[in-house]
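The values are calculated or read from the model by the stated rules, or taken from the named source; none is laboratory data. What you see is a predicted model; the values in this text were computed from it and never measured. Here the Cβ positions follow ideal geometry from the backbone for every residue, glycine too, while neighbour counts run over all protein chains shown. SASA here: full protein model, heavy atoms, side chains in, ligands and nucleic acids out. Shrake-Rupley method; radii C 1.70, N 1.55, O 1.52, S 1.80 Å.
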Amino acid sequence: MAIRPILHIPTPCLREVAAPVVEVNDEIKTLIKDMFDTMYDAPGIGLAAPQIGVMHRVIVMDPADEEDEPAPLAMINPKITWLSEELRVHQEGCLSIPEYYEDVERPVLCKVTYLDENGEYHERECDGLLSTVVQHEVDHLNGRLFIDYISRLKRERVIKKFKKIAKRAAE
Ligand code: K1U
Ligand code: ZN
């Protein structure tokens, strides 16, 4: 079990584009295990590799309710191939912006292609919370954060707050 530190804004790698995985090898399998350990420990319902400073296109998720069986899902090189026109608002949080929640409007449904931890190719249509989390995590791989969808005033306010926290921690 390895819990890795989760990076917070304004760490620069959270704004960078992650590189595709070329081979699903033991290094990637260990990364996925560590990401699940880190996500469940946080606790969170998703995590993208850049949030622990690893610039590979890997995401993990578990949107199951607490009272249900865990439903861990890892995606390597996820690609969103279709988004529904219908939108819905969901309150989002982010482990890289702790204790900050805002409503975000996103497509209700999405289709995603990806490799699993055994290198098998999948195509999946996602709905409900899974659809929201997949879109949020794929955004992380492209250096995009959920605060990019809120008003500029709110975004600037939260960035300023976390810059202050980082400055104080460095002193
Ligand atoms: O990627 C992340 O930062 C993780 C994030 C995922 C997410 C949450 C909500 C909407 C979209 C994406 C989180 O997991 S924040 C924590 C959270 O939502 C949660 C934590 C414990 C129980 C239930 C939810
Ligand atoms: Zn996030």
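Tell me whether segment 118-133 contains one or more residues that are more than 10 Å from ligand 1 (Cβ to nearest atom), touching a Lys or Arg at 6+ places or on another chain (Cβ under 6 Å), open to solvent by less than 10 Å² (accessible area, probe 1.4 Å) and at pLDDT 95 or above.
The answer is no, given that none of the residues of segment 118-133 is more than 10 Å from ligand 1 (Cβ to nearest atom), touching a Lys or Arg at 6+ places or on another chain (Cβ under 6 Å), open to solvent by less than 10 Å² (accessible area, probe 1.4 Å) and at pLDDT 95 or above.
Write out, first by first residue and then by second, each pair whose Cβ atoms fall under 6 Å of each other, whose residues are 6+ apart or on separate chains, and whose first residue, in segment 76-94, is more than 20 Å from ARG124 (Cα to Cα) while the second is surrounded by fewer than 17 Cβ atoms within 10 Å (Cβ to Cβ).
The qualifying pairs are VAL89/ASP103; VAL89/GLU105; GLN91/TYR101; GLN91/ASP103; GLY93/TYR101.
When you go through ILE165, ILE150 one by one, which is the residue that is aliphatic (A, V, I, L, M), open to solvent by 60 Å² or more (accessible area, probe 1.4 Å) and either under 21 Å from LYS33 (Cα atoms) or in contact (Cβ under 8 Å) with a residue 24 or more places away in the chain (or both)?
Only one candidate qualifies: ILE165.
Looking only at residues that are within 17 Å of GLU137 (Cα to Cα) and among the β-branched types (Val, Ile, Thr) in segment 29-49, which one is farthest from ligand 1 (Cβ to nearest atom)?
Going through the qualifying residues, I end up with ILE32.
For VAL24, which of the numbered conditions (1) of a type outside the set (Phe, Trp, Tyr); (2) in contact (Cβ under 8 Å) with a residue 60 or more places away in the chain; (3) out of contact with any strand residue (DSSP E or B) (no Cβ under 9 Å at 6 or more places or on another chain) fails to hold?
(3)
Got at least one residue in segment 75-98 being buried (at least 16 other Cβ atoms within 10 Å of the Cβ), over 16 Å from the mean Cα position of the chain (by Cα) and assigned to a loop (DSSP other than H, G, I, E, B)?
So far as segment 75-98 goes, no, none of its residues is buried (at least 16 other Cβ atoms within 10 Å of the Cβ), over 16 Å from the mean Cα position of the chain (by Cα) and assigned to a loop (DSSP other than H, G, I, E, B).
In segment 129-171, how many are more than 30 Å from VAL21 (Cβ to Cβ) and among the hydroxyl-bearing types (Ser, Thr, Tyr)?
1
Looking at segment 86-130, which of its residues are closer than 17 Å to VAL58 by Cβ and of a type in the set (Gly, Ala, Ser)?
Residues satisfying the conditions are SER96, GLY119.
With the structure loaded, tell me whether ASP103 is outside any loop (DSSP other than H, G, I, E, B) and surrounded by fewer than 13 Cβ atoms within 10 Å (Cβ to Cβ) or whether it fails that test.
For ASP103, the condition - outside any loop (DSSP other than H, G, I, E, B) and surrounded by fewer than 13 Cβ atoms within 10 Å (Cβ to Cβ) - is met.
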